[in-house]
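In what follows, a single structure is set out as structure tokens and then discussed.
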Amino acid sequence: MSKSGTTAFTRRRFLASAAATAGLGLLSNNVAHSESRKVRNISLKVGSGLAQITANPAQKTAVWAYNGSVPGPEIRVRQGDRLQVAFENNLKEETTVHWHGVRTPNAMDGVPHLTQKPIAPGARFTYEFDAVDAGTFWYHPHQHSTVQVGRGLYGSLIIEEKTPIVVDRDVTWILDDWRLTDKKQISNDFDHWHDISHNGRIGNVVTINGRVPTAFTVRKGERIRLRLINTANARIFGLNFNGHKPTIIALDGQPVAPHAPDGDLVIVGPAMRVDLILDMTGEPGSRHPIEDNFYRRLSYRLINFVYAKELLRTTVLTSPITLPKNPLNEPDLEAATRHTITFRGGMMGAMVERQMAGKQSGMMMGGGMGSMRDMMHSKKIWLINDVAAEGHIMAPMLTLKRGTSYILTMTNMTAWHHPIHMHGHSFRVISRNGKPTSHKEWQDTVLMESRERVEIAFVADNPGDWMFHCHILEHMAGGMMGVIRVT
Ligand code: C2O
Ligand code: CU
């Protein structure tokens with residue numbers, strides 16, 4: 001399809017869906033003010049490049065990059081704007097761009113085969129969609145993701161509120177890790193069996209915005225909005241801001257009642273985002289290590305906050321930090337239709353299932369070690385409702401009716417964490433292990449612990465076939481994905 005053909009097609013699709021959406025009273029704000037929308041033209045080219053990941057200037061790492069840099073350019077627009085992204089593929093393989101967390105029309109979602117034809121080497125594609133929700137989002141390929149994201153393809157997409165909250169600095173930290181060889185080149189052992197069956201490809205070098213971090217200079221009295229984005233294939237971060245009191249104001253781009261993190265640890269699973277307000281209360285000249293303590297015995301210092309000699313103000317700001325709501329449809333929990341989803345498989349999964357069966361009598365157990373051996377052969381070892389996906393095209397695991405509220409009860413019967421992501425929608429996390437959550441947070445990716453049961457609720461208001469998968473990219477490659485159809 002030619003570039004203009006694509007755009008025309010997109011517009012028709014968009015207008016059709018906008019009209020239908022207006023009929024349901026969804027997202028009506030954006031439709032009503034369409035004439036005042038600003039169109040933001042962005043060009044994105046993907047190809048190979050060289051990145052300065054480590055501190056040694058003589059040591060460059062061969063990467064894949066958007067517009068030649070890792071991370072790719074930060075795309076910053078205002079809520080209500082329309083994005084028009086002219087994309088060109090200069091890789092030697094097919095790719096797509098997925099706008100993680102953004103509620104785009106289905107045709108713009110960037111899932112190869114399912115929502116669009118993969119973009120061939122040398123080909124172009126124009127993505128066009130509205131910035132419906134304000135918040136912190138990101139973009140990445142959805143094709144051959146373990147390798148393409150693992151080699152450096154990701155960037156932030158910041159959608160500013162129409163009236164932003166007052167801060168001294170708005171800072172984005174893209175957290176990632178890399179598996180580098182002694183020569184500081186990306187290790188080629190992608191899709192390794194051990195990574196697929198355990199906790200994914202965990203790297204040996206952690207970066208912030210593509211660089212091994214050293215110091216972050218701050219001033220006493222300063223108020224920073226820190227947008228954390230985890231773009232790692234598999235690593236989960238648990239940040240301790242030693243001596244500072246971070247306040248969480250948004251999760252996965254969506255506003256949440258401002259609150260302190262549980263146990264002072266800011267947890268960011270793969271693909272997840274956390275927006276923090278940090279008031280800098282340290283003394284001028286002081287230095288504070290920020291640590292990642294997620295994996296208990298493997299904690300390390302991520303970066304130092306270094307206070308400048310001059311302070312900014314003697315007190316902290318007291319202006320409001322509650323973000324304005326996004327136009328999300330509130331699920332009707334009383335009337336909601338319920339479905340259950342069970343995650344199984346992976347190393348030691350059979351053991352977890354046996355143990356959980358002891359507690360949940362009457363539950364049927366499949367699997368076991370015999371079938372595990374068969375699954376090892378095909379590398380498809382993670383199951384959603386007993387199905388391991390072979391690619392992006394499959395029969396929908398659920399078909400939902402547009403405009404209806406749903407509650408999905410999800411059980412993690414595996415020995416591992418899984419950040420579970422749904423495309424095209426945000427959902428409220430309403431309970432964990434039967435206990436209501438205190439913030440009913442909106443998320444697009446929910447981190448589930450081993451054996452945990454999580455309930456999510458949402459209105460199926462975006463028509464199309466949407467991916468539903470684990471965002472540990474090796475788990476996804478190992479079959480942990482499905483399709484949810486909204487008709
Ligand atoms: Cu971040 Cu299915 O994607
Ligand atoms: Cu997983």
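Every number here is computed from the coordinates shown, using simple stated rules; none is lab data. These figures come from a predicted structure and were not determined experimentally. Here the Cβ positions follow ideal geometry from the backbone for every residue, glycine too, while neighbour counts run over all protein chains shown.
Counting every pair of alpha carbons in segment 430-475, the share spaced more than 15 Å apart comes to 55 percent. The reciprocal of the average 1/r between distinct C-alpha atoms defines the Kirkwood hydrodynamic radius, which for the chain equals 23.2 Å. Helical content alone sets the calculated 222 nm signal of the chain at -3500 deg cm²/dmol, taking -39,500 (n - 2.57) per DSSP H segment of four or more residues and averaging over every residue.
Computed packing ranks the peptides 312-324, 100-112 as 100-112, 312-324, most packed first, by mean other Cβ atoms within 10 Å. Charge dipole of the chain (Cα centre as origin; +1 on each Lys and Arg Cβ, -1 on each Asp and Glu Cβ, all else neutral): 480 debye, rounded to the nearest 20. The listed peptides 191-202, 76-87, 144-155, ordered by packing as a protection proxy, come out as 144-155, 191-202, 76-87 (highest mean of other Cβ atoms within 10 Å first).
In order along segment 76-88, the phi-based Karplus estimate (6.51 cos²θ - 1.76 cosθ + 1.60, θ = phi - 60°) of 3J(HN,Hα) comes to 10, 10, 9, 3, x, 5, 10, 9, 10, 10, 7, 10, 10 Hz; Gly and Pro are listed as x.
The convex hull drawn around the Cα atoms of segment 207-313, when projected onto a plane and averaged over every direction, covers 6.8 nm².
The distance linking segment 174-188 with segment 257-287 is 26 Å (Cα centroid to Cα centroid, whole angstrom).
Checking the cross-link pairs Lys162/Lys245; Lys401/Lys440; Lys220/Lys325; Lys38/Lys162; Lys117/Lys379; Lys380/Lys435 against a 21 Å limit on the alpha carbon distance flags Lys162/Lys245; Lys401/Lys440; Lys220/Lys325; Lys117/Lys379; Lys380/Lys435 as lying beyond it. Looking at the chain, the DSSP beta bridges with both ends there are about 70 percent antiparallel.
Between amide H atoms placed 1.01 Å from N, distances below 5 Å from Ile407 occur with Thr337, Arg338, His339, all of them 5 or more places distant or on a separate chain. Normalised by the number of residues in segment 38-145, the mean separation of alpha-carbon contacts (under 8 Å, six or more apart) gives a relative contact order of 28 percent.
For Pro324, the shell of other residues with beta-carbons less than 15 Å away shows a net charge of 0, using +1 for Lys and Arg and -1 for Asp and Glu. From most to least packed by mean Cβ count within 10 Å, the peptides 206-217, 260-271 give 260-271, 206-217. Based on C-alpha pairs under 8 angstrom that are at least 6 apart in sequence, segment 410-460 has a relative contact order of 50 percent. Looking at segment 122-240, the pairs of alpha carbons with a distance over 26 Å make up 34% of the total. Each Cα pair under 8 Å and six or more residues apart adds its separation to the average, and for the chain the resulting relative contact order is 14 percent. Taking every pair of alpha-carbon atoms in segment 269-308, give the share separated by more than 14 Å as a whole percent. Summing the P(r) tail past 14 Å for segment 269-308 gives 63 percent.
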